[in-house]
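The values are calculated or read from the model by the stated rules, or taken from the named source; none is laboratory data. Model, not experiment: these values are computed from the prediction. Don't worry about glycine lacking a Cβ; one is built from the backbone with ideal geometry, like all the others, and counts go over all protein chains shown. When the accessible area is computed, the model is the full protein with side chains, heavy atoms only, and any ligands, DNA or RNA have been set aside. Shrake-Rupley method; radii C 1.70, N 1.55, O 1.52, S 1.80 Å.
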Amino acid sequence: MSEPMGTVAGLVERSAAAYAAAVPVTPQDDGFFGPGSVTWRVSMDLAAPVAGLRSLLIQALHPLAMAGVDQHSDWRTDPVGRLAATSAYEVTVTFGDRAGATRAAQRVRAVHEYVRGVDTVTGQPYAAGDPVLLLWVHAALVDSGLAASALFGTPLTAADADRYVAEMTIAAELLGVPHEMIPDSVAALERYLAGLRPDLRRTPAAAESMSYLLDPPGLDEDIAELWRDIRDAAVLALPGWARQMYGYPEPPPLTAERRTEIRQALGVLDAVFLGEPGVLEARQRITARMRSASGTGKK
Amino acid sequence: MRARRLAIAAVIGGLSVAALTLLRGRRSARPRAGRLRVERGMAAVRLAARGGARYATSAPRLFASAGEHREALRNDLALQTAEDVAATLGTMKGVLMKLGQMASYVDDGLSPAARRTLSRLQDSVPPMSPELAAQVITEELGQPPDRAFATWDPEPIAAASIGQVHRAITRDGRAVAVKVQYPGIAETIEADLGNVGLLRRMLKITAPMQDVDALLAELRERVTEELDYRREARNQQMFARYYAGHPTIGVPGIVPELSTRRVVTSELADGARFAELVTWPQAERDLAAETIYRFVFRSLYGAHSFNGDPHPGNYLFHRGGRVTFLDFGLVKHFTPDELRPLVAMVKHLCVDNDPEGFRRAMEDAGFLMRGAPLPTDMIVEHMAVFYDTVRERGPRTMTGAYASSVTRRFFDFRSPLAAYVQIPRSYVILQRINLGLFALLGELSATADWRCIAEEIWPFVQGPPCTPMGAAEAGWRASRTRAGNPGPFGSIIT
């Protein structure tokens, strides 16, 4: 394992601070999704951390996407800052008003302009603004939201799952993916993911960053056990082919007891998250809007 | 012998720290993990102990007691379905809250971060929507609230233990407080208590000195009890009957026909909150303190029962020392065998001045290992602080400093006694006298001749009244005896 790497100290505080700041207090409008959307429900799901972890695992399997992160991102020195910034962006796009979400997307696109290079593994050039790569990252995220909720959260109906995929297309558009490229149903998403599989491989950078993520150095033994529950959940939620690429052993089938245990670990994590300043208020802002949306007969 | 202390408070302190420490990696090389873990546990214990005696009168509680008004009931966030309840209180959150509630009497001793986590969890529980509360009433009482009661206020007036409190008027015209349990909460919490692995892990992280299994058993028993309101109703009814006619102690009576597993209906009480009491003249505060003191020890020595939650939120105050006692969710009844050594300890130490007798009584109670290689005077010296207020006659002012010293001594795992002292499970709840009652009286800066009052109550002294309140109480006792209703609860039930 290569040294030196930053620790995960402050992961909870920093992602909580980012979360609290990203949920608007006085939004100008309902944003690109709105309180009646499936997207809001998926974002509020207990299984959301599993979805986040799973999507990173999948995203890293695209060599060019991984190369961009590996060569340009500060994840080695500041892994927590990297994760917090990503989750803050997702929260802004999901819960922010249209102007706020658009501004955030423009900032990301501006940064992407400078993320270019050549992947040392495949020898191919890459650019972070390339719609092909952006779409891959997007699809992994959406697919993970579905998979994590289905296994460990509140499963969506087939109709809601389709609605979620369709709603989320705007997120990819905001970053510059042409609308016609973006899968807008579960079936289309599955076709897209299957089609991209020949391009995927586990590069050394993917192996290194993901083993860091799954087993962060410096965690105390007992705490690491709890982290293991959440990480096992992410690995369990992966498609079989992704596990094979990483060389993870095939996990035993998910029993009801194990699912409950994982949800309980997620609950503890959530309780800690709620204890951070501003998080409860941010949650309440979202919940109040969702309740009033469902109360007015939208749902 | 392994010290086996069921110091729930310490563990909660630790638990919160554990929760906050979660996922915050430490770059600690861990060649001596065991030692580090012990140090961490000690830090947690110290954290819980430090200033732990100062009562947080304004600190948010994890489930306020009946009658306590919520600052702002967030009706816009109201829980509308049993699924909402499960999402809010399931997956360990309800269990964490119950743990926090058990420790709430030392919540001032927690670090700001730990306290924040616990109080945030409380704040995160919105009230039930009027429809959901009505649904529970219908399921439990067989008819909707507007038929079960003459008048029903659909807006809750308070958060309660795993539920909320509504005002109502019964069909026979009595004003009542109706506590309604969140639907599905019992199943949720029971399922989470079943994850012994996760609970053990969390307890182990921060409480290496504890017997985790005993602690878990205690937690499960307490929480399971509290999930069934019928038990609380029974206890409250017993206290209400025992103190019927008492000059200063009031306990709202239960309306049994409107009380079930998830609904408990009692007479509506009013009065000043603790926060208001502390602004009253000192003489009023002294009287309130005297009533609380009499209630605690009269209940213990007279009714063989202890109401385990001496928290400011559980009282309503009236001028002249009258206090209404509210929450009976955590009551312990003592058998004569359990009580006898406690009485003997007090008697030997405070009345007979017999250190060896005191030591024997401690051993009989199971507090002290028999044959511990410790001189008796050291044991007495260590334990005396707990009896400090009743060893000598004369007026004495309770202070926060005294309460803190009791707490510090209680948590003093470095004392030479630590290895030989333990708290048997049936006495665990009595720690709340040390940790809660003294803190409460200290907060009031209450002055009284506590020894003299204690002598009135001690069954082996039964001294004459030493205050006007004592005289009034003596009159009450005489009338009870005439009415043939003098004994502990056991004799009422049978």
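Within the assembled protein chains, the solvent-accessible surface assigned to A:Arg202 is about 110 Å², based on a 1.4 Å probe.
Extending 7 Å from the Cα toward the beta-carbon at both B:Val343 and B:Glu139 defines two label points whose distance is 4.5 nm. Across the stretch B:415-429, rounded Karplus estimates of 3J(HN,Hα) from the backbone phi angles (6.51 cos²θ - 1.76 cosθ + 1.60, θ = phi - 60°) give 4, x, 7, 3, 6, 10, 10, 8, 10, x, 4, 6, 9, 3, 5 Hz, Gly and Pro being marked x. Chain A and chain B together bury an accessible surface of about 3600 square angstrom, both sides counted, with a 1.4 Å probe and no ligands or nucleic acids included. The mean number of partner chain beta-carbon atoms within 10 angstrom of a residue's beta-carbon across peptide B:90-96 is 6. Prolate is the label for the stretch B:212-341. Its Cα gyration tensor axes, ordered a ≥ b ≥ c, give a/c of at least 1.5 and a/b above b/c.
Proximity of backbone amide H atoms, modeled 1.01 Å from N, is registered between B:Ser305 and B:Leu300, B:Phe334 at under 5 Å, excluding neighbours fewer than 5 places apart on the same chain. Partner aspartates and glutamates whose Cα lies under 19 Å from the Cα of B:Lys347, excluding those fewer than 8 positions away in the same chain, are identified as B:Asp337, B:Glu338, B:Glu356, B:Glu363, B:Asp364, B:Asp377, B:Glu381, B:Asp388, B:Glu392, B:Asp449, B:Glu455, B:Glu456.
Other chains near A:258-271: what is the mean number of their Cβ atoms within 10 Å of each residue's Cβ? Walk me through the numbers on the way to the answer.
Numbers: counts 0, 0, 6, 4, 1, 6, 12, 7, 2, 12, 14, 5, 5, 15.
What the average comes to for A:258-271 is 6.
Cα gyration tensor of chain A, axes a ≥ b ≥ c as square roots of the eigenvalues: rounded (a/c below 1.5), prolate (a/b > b/c) or oblate? Here chain A falls in the rounded category. One Cα centroid belongs to the stretch B:240-301, the other to the stretch B:166-180; the line between them spans 18 Å. Annotation: amide H-H contacts under 5 Å for B:Thr151 (H modelled 1.01 Å from N, sequence separation of 5 or more, or interchain): B:Ile169. Mean separation of Cα pairs under 8 Å and 6 or more residues apart, divided by the residue count, gives chain A a relative contact order of 30 percent. Between the C-alpha center of the stretch B:440-462 and that of the stretch B:325-380 there is a gap of 18 Å.
Arrange the peptides A:249-256, B:394-401 so that the one whose residues have, on average, the most other Cβ atoms within 10 Å appears first. Could the numbers behind the result be given before it?
On the way: A:249-256: 9.5, B:394-401: 15.0.
Most protected by this proxy first, the peptides run B:394-401, A:249-256.
A cut-off of 5 Å between modelled amide H atoms, ignoring neighbours fewer than 5 places along the same chain, links B:Val331 with B:Gly308. In terms of its alpha-carbon gyration tensor, the stretch A:1-144 comes out prolate; a/c meets the 1.5 threshold, and the first ratio a/b outweighs b/c. Among the trypsin sites (Lys or Arg not before Pro) in the stretch B:304-379, those placed in a DSSP loop whose Cβ has at most 12 other Cβ atoms within 10 Å are B:Arg370. For the stretch B:345-354, backbone phi angles converted through the Karplus equation (6.51, -1.76, 1.60; θ = phi - 60°) give residue-by-residue couplings of 4, 4, 4, 5, 7, 9, 10, 7, 6, 10 Hz, Gly and Pro being listed as x.
3J(HN,Hα) along the stretch A:10-27: x, 4, 5, 4, 6, 6, 5, 4, 5, 5, 4, 6, 7, 7, x, 8, 10, x Hz, from the Karplus curve 6.51 cos²θ - 1.76 cosθ + 1.60 with θ = phi - 60°, whole Hz, x for Gly and Pro.
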